[in-house]
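We did not get these values from a lab; they are worked out from the coordinates using the rules stated. Values in this document were obtained by computation on a predicted structure and should not be read as measured data. Cβ coordinates were reconstructed from backbone atoms using ideal geometry, including for glycine residues, and neighbour counts include every protein chain displayed.
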Amino acid sequence: TGPPPRLHARSIDYARCEVQHGDVEPRPFSFETERIAQRQVPCHKTRTNPRTHELIRANLHRAPMYSGQIMSHGPRYCPSIEDKVVRFAAKDSHIVFLEPEGLDTHEVYVNGVSTSLPIDVQAEMLRTIIGLERVEVTRYGYAVEYDFVPPREITTTMETRRVPGLFLAGQICGTSGYEEAAGQGIVAG
């Protein structure tokens, strides 16, 4: 699996992207929270294109998942942009969501572009995407190789059967979903 790059918001041409507003009435995770009062900020949507895919294909030999540097296959993960281009070769584009990291930062999470490609390729690849032609990268994506504990080795309280007192949650349990991992953490806690 691999975290995607982060971008500087001021370098994104949002006028060329499609705005994606959140829920008018955001629903809190906890029943103890009556309502969410924080200011909401929109995400934006754009897409990869044939030029993006051509650049990725030309550099697959430099991606750890394709070069043999990483040999394992995680239990589940959100596919990297390299995997999407290879596995769904008939598609000429993939959705990219530009998600603000928070209210007090200018950093933007590039959902849909998890990658292990070298930084020179990442910078060039991102600039092929509409709205990102002049983008500044604040943090590049990278590959993470991890293992997992099979579910039969974990109790319903998230405690490991082999090591009493050791509780697990998240990717080590085979989940790729943030909400699912958060729920597991609540149970483990």
Relative to the Cα centre, what is the charge dipole magnitude of the chain, using +1 at the beta carbon of each Lys and Arg, -1 at the beta carbon of each Asp and Glu, and rounding to the nearest 20 debye? 420 debye
Quick check: net charge around N59, other residues with Cβ under 12 Å of its Cβ, Lys/Arg +1 and Asp/Glu -1? -2
Could you work out the helix-only [θ] at 222 nm for the chain, with each DSSP H run of four or more residues adding -39,500 (n - 2.57) and the total divided by the number of residues, to the nearest 500 deg cm²/dmol? -5500 deg cm²/dmol
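So if we plug the beta-carbon distance of R27 and A89 into 1/(1 + (r/R0)^6) with R0 = 41 Å, what FRET efficiency do we get, rounded to 0.05?
The calculated FRET efficiency here is 0.60.
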Calc'd 3J(HN,Hα), the range 161-167, phi into Karplus 6.51 cos²θ - 1.76 cosθ + 1.60 (θ = phi - 60°), Hz, glycine/Pro = x, comes to 6, 7, 10, x, x, 9, 10
Using the crude model of +1 on Lys and Arg Cβ and -1 on Asp and Glu Cβ, and no other charge, please compute the dipole size for the range 1-97 relative to its Cα centre, in debye to 20. 300 debye
Report the one residue of S80, Y109, A90 whose Cα lies farthest in the direction of the positive end of the charge dipole of the range 1-148 (charges on C-beta: Lys and Arg +1, Asp and Glu -1; origin at the Cα centre). A90
D (Stokes-Einstein, µm²/s), Kirkwood Cα radius, the chain, 1.002 mPa s at 20 °C: 116 µm²/s
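With an 8 Å cut-off on Cα pairs and a minimum separation of 6 or more residues, tell me the relative contact order of the chain in percent.
Worked out over the chain, it gives 30 percent.
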Please list, in chain and number order, the residues 5+ apart from R47 or on another chain whose amide H is under 5 Å from its amide H, with Hs placed from the backbone. V96, I130
